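J.: Just passing along the structure, written as structure tokens.
The values are calculated or read from the model by the stated rules, or taken from the named source; none is laboratory data. This one's a predicted model, so the numbers in the text were calculated from it and none came from an experiment. Every residue, glycine as well, gets a Cβ built from its backbone with ideal geometry; the counts of neighbours run over all protein chains shown. Please note that ligands, DNA and RNA were not included when accessible areas were found on the heavy atoms of the full protein model with its side chains. Shrake-Rupley method; radii C 1.70, N 1.55, O 1.52, S 1.80 Å.
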Amino acid sequence: MTLWSGGRFADDPAEELWSFTVDHSDRRMLGDDVAGSIAHASMLGRAGLLTADETSAMVAGLDQIAIEASDGSFNFLDSDEDVHSSVERRLGEIIGDLAGKLHTGRSRNDQVALDLRLYLKRAAATRIIQLESFVQVLVDQAEAVGDAVVPSYTHLQQAQAVPFAHHLLAHAWMLVRDAARFTDAVGRIDVSPLGAGASGGSSLSLDPAASAENLGMAKVFDNSMDAVASRDFVAEFVWCSAQSMVHLSRLSEELILWCSSEFGWVTFSDAFTTGSSAMPQKKNPDIAELVRGKSAAVIGDLTAIVTLQKGLPLTYNRDLQEDKRLVFHADDTLAGSLAALSGMIATASFHAPSPDVWVTALDLAEVLVGRGIPFRTAHHIVGGLVADLVAHGRTFDNVTSEELIACHEVFKPEDINCLDPAVSVAARVTRGGGSMESVATQIVALRSRV
Ligand code: ARG
């Protein structure tokens with residue numbers, strides 16, 4: 001049913017209109033729509049716009065719909081224009097003509113904004129929990145790798161020696177910020193638009209603050225036009241999702257590299273990898289590849305939701321119906337990616353390869369700096385040694401103390417010990433740097449946050 005046929009419309013909707021304009025993706029907001037309607041009916045009762053009997057009959061009917069929504073027995077009809085129409089139609093089936101009073105002082109414009117805010121507030125809470133448990137998985141794996149040392153990379157070239165745990169925790173910090181971004185977004189999502197009506201409020205003595213309080217929402221709208229026209233809260237949710245997906249995509253890319261025989265940094269459990277139909281030896285990291293691939297469409301959702309708002313005159317326009325598909329797609333993708341990828345990491349075993357000894361070159365230069373040589377000169381001296389060794393097909397592995405001292409007289413014989421990635425890590429002293437002390441501090445900090 002539509003909430004507007006009859007009246008000024010003599011004809012039924014054309015098939016083309018119906019199939020083009022009706023979008024059933026809002027059905028997942030059924031529970032939120034009913035909750036919003038219960039709050040609205042209660043407010044109407046307190047404002048004297050419904051009698052006590054009418055209020056209790058209406059709330060009882062809505063309570064029944066809430067049960068149908070949660071046990072899955074609610075029956076949507078193809079002829080319902082949207083979820084709001086479905087609820088009002090069903091309420092009429094239960095309580096009769098009294099259902100016609102539910103929409104008093106309300107429009108689908110404030111109603112749909114409310115439903116989406118309620119839905120996204122709950123979705124954000126779930127995503128925060130998932131992100132935090134993902135962080136725990138990374139912290140557990142960081143503990144499991146112990147003091148294993150790997151090269152850090154810049155430009156995908158081996159750079160410095162770091163604890164493997166330090167690398168895993170770098171990803172954990174990104175996800176901590178993603179969770180914090182969702183928390184911040186909830187501060188702007190958790191605002192009730194109910195009472196804004198179609199766009200200008202109402203001549204009836206509604207009490208928007210009472211509805212908001214009933215719904216457990218933190219704030220009430222300040223401007224009815226803003227309340228029904230704005231979707232920056234949706235865009236912000238999609239941005240939080242897109243940034244999280246991009247973080248998961250970067251992590252996925254590394255996992256894909258790491259499980260190659262060239263890297264050999266990780267072995268995934270059979271349960272979280274796939275096989276090849278042709279090559280019997282293959283074990284493929286499809287979850288990570290799909291997370292990386294699916295992040296593309298969530299970036300697309302972000303572009304679409306931002307663009308959707310551009311050029312819309314105030315207030316509500318039907319264009320805004322498109323927001324739901326985008327945000328639901330972004331949220332579903334993130335939810336699925338978090339579940340699959342965290343399972344893949346939780347069941348993986350990480351093992352450290354030896355970095356090239358070249359990763360200690362900066363440590364050697366810092367030895368010279370510690371003896372008063374300007375860094376630029378030290379860089380030049382060590383660079384010269386590297387060039388000489390490379391020219392002779394050698395590495396830091398077998399350089400001698402004599403060769404070191406021949407390079408510069410301030411070198412001491414024991415400096416040869418610096419040419420060891422484990423020593424490099426042990427010498428690291430900076431806060432947040434790649435040392436085992438820093439890893440221990442980070443693990444305590446991360447555990448206390450999640
Ligand atoms: N399905 C619509 C949406 O998602 C609900 C609001 C319709 N409002 C209206 N005035 N036609 O935006």
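J.: How big is the stretch 339-399 by Rg and Dmax over its Cα atoms, in Å?
T.: Rg, Dmax (Cα atoms, Å): 18.3, 52.
J.: While we're on this one: With a 1.4 Å probe and all protein chains kept in place, how much accessible area does Glu253 have, in Å² rounded to the nearest 10?
T.: 70
J.: Dipole magnitude of the chain about its Cα centre, charges +1 at Lys/Arg Cβ and -1 at Asp/Glu Cβ only, in debye to the nearest 20?
T.: For the chain, the charge dipole is close to 720 debye.
J.: HN-Hα J couplings of the stretch 408-420 from phi, Karplus 6.51/-1.76/1.60, θ = phi - 60°, integer Hz, Gly and Pro as x?
T.: 7, 5, 6, 5, 10, x, 5, 4, 4, 5, 5, 7, 8
J.: Taking a label point 7 Å from the Cα of Met436 along the Cα→Cβ vector, which residues of the stretch 264-306 have an amide N closer than 11 Å to it?
T.: none
J.: Quick check on packing: order 396-402, 414-420 by the mean number of other C-beta atoms within 10 Å, highest mean leading.
T.: Per-residue mean Cβ counts within 10 Å order the peptides as 414-420, 396-402.
J.: I've got another one for you. For every other residue with a beta carbon closer than 13 angstrom to the beta carbon of Ala348, add +1 if it is Lys or Arg and -1 if Asp or Glu, then tell me the sum.
T.: It works out to a net charge of -2.
J.: Per residue, how much space in cubic angstrom lies within the convex hull of the C-alpha atoms of the stretch 1-96?
T.: Looking at the stretch 1-96, the number lands at 106 Å³ per residue.
J.: Tell me the volume per residue, in Å³, of the convex hull enclosing the alpha carbons of the stretch 388-450.
T.: 110
J.: Taking θ as phi - 60°, what are the ³J(HN,Hα) couplings along the stretch 185-193 by the Karplus curve (6.51, -1.76, 1.60), each to the nearest whole Hz, with x for Gly and Pro?
T.: Here the 3J(HN,Hα) series is 4, 4, x, 9, 7, 7, 10, 7, x Hz.
J.: Hey, can you grab everything whose amide H is under 5 Å from the amide H of Val220? Only 5+ residues off in sequence or another chain; H modelled, so Pro and N-termini drop out.
T.: Close amide H contacts, sequence-distant or interchain: Ser192.
J.: Which distance in Å, rounded to a whole number, links the C-alpha centroids of the stretch 367-382 and the stretch 22-101?
T.: 75
J.: What FRET efficiency would be calculated for the residue pair Arg188, Met225, taking the C-beta separation as r and a Förster radius of 22 Å, to the nearest 0.05?
T.: About 0.80, to the nearest 0.05.
J.: Per-residue HN-Hα couplings for the stretch 345-357, Karplus 6.51 cos²θ - 1.76 cosθ + 1.60 at θ = phi - 60°, whole Hz, x for Gly and Pro?
T.: Once rounded to whole Hz, the list reads 6, 4, 9, 8, 10, 9, 9, 9, x, 7, x, 4, 5.
J.: Please list, by residue number, everything in the stretch 134-166 whose backbone N is under 14 Å from a paramagnetic label point 7 Å out along Cα→Cβ of His379.
T.: Under 14 Å, as judged by backbone N against the label point of His379, lies no residue of the stretch 134-166.
J.: Follow-up question, since we're still on this one. Principal axis extents for the stretch 59-103, Cα atoms only, whole Å, descending order, please.
T.: Answer, in whole Å and largest first: 25, 23, 14 Å.
J.: Now for a different question. Tell me which residues come under 5 Å, amide H to amide H, from Val150 once H is placed; ignore anything under 5 positions away on its chain.
T.: Val162, Phe164
J.: What does the stretch 38-138 give for Rg and for Dmax, in Å, if only its C-alpha atoms count?
T.: Both quantities, over Cα of the stretch 38-138: 16.9, 57 Å.
J.: Considering only Phe134, Gly146, Met174, whose Cα is most displaced toward the positive end of the charge dipole of the stretch 66-184, charges sitting on Cβ of Lys, Arg (+1) and Asp, Glu (-1)?
T.: With unit charges placed on the Cβ atoms, the residue in question is Met174.
J.: Looking at the stretch 108-215 from every direction and averaging, what is the projected area of its Cα convex hull in nm²?
T.: Projected area, direction-averaged: 9.8 nm².
J.: Another question about this same structure. Which net charge results when you count Lys and Arg as +1 and Asp and Glu as -1 among the other residues whose beta-carbon is under 13 Å from that of Ser438?
T.: Around Ser438, the surrounding residues sum to 0.
J.: Write down the Å³ per residue value for the convex hull defined by the alpha carbon atoms of the chain.
T.: Once divided by residue count, the hull of the chain is 207 Å³.
J.: May I pose another question? Binned at 5 Å from 0, what are the whole-percent values of the Cα-Cα distance distribution for the stretch 304-450, short to long?
T.: Result returned by the calculation: 2, 7, 11, 12, 11, 8, 7, 7, 7, 7, 7, 5, 5, 3, 1, 0.
J.: While we're looking at this one, here's another question. Quick one: Debye curve from the alpha-carbon atoms of the stretch 214-372 only, equal weights, vacuum; give me log10 I(q)/I(0) at q = 0.09, 0.15, 0.18 Å⁻¹ to two decimals.
T.: Result of the Debye calculation: -0.52, -0.88, -1.06.
J.: May I ask for the net charge around Ala60, where only other residues with Cβ less than 12 Å from the Cβ of Ala60 are counted and Lys, Arg are +1 while Asp, Glu are -1?
T.: Result for the local shell: -3.
J.: Next question. Mind jotting down the three principal axis lengths of the stretch 232-304 based on Cα atoms? Whole angstrom, largest first.
T.: 49, 25, 19
J.: Among Ala340, Leu419, Gly432, whose Cα sits farthest toward the positive end of the charge dipole of the stretch 333-445 (+1 at Cβ of Lys/Arg, -1 at Cβ of Asp/Glu, about the Cα centre)?
T.: Farthest towards the positive pole: Ala340.
J.: Another question, if that's okay. Mean residue ellipticity at 222 nm from the helices of the chain, using -39,500 (n - 2.57) per DSSP H segment of n ≥ 4 over the full residue count, to the nearest 500 deg cm²/dmol?
T.: Roughly -19500 deg cm²/dmol at 222 nm, from the helical runs in the chain.
J.: Lys/Arg Cβ at +1, Asp/Glu Cβ at -1, dipole of the stretch 22-80 taken about the Cα centre: which of Ala47, Gln64, Met29 is farthest positive-ward?
T.: Towards the positive end, the residue furthest out is Ala47.
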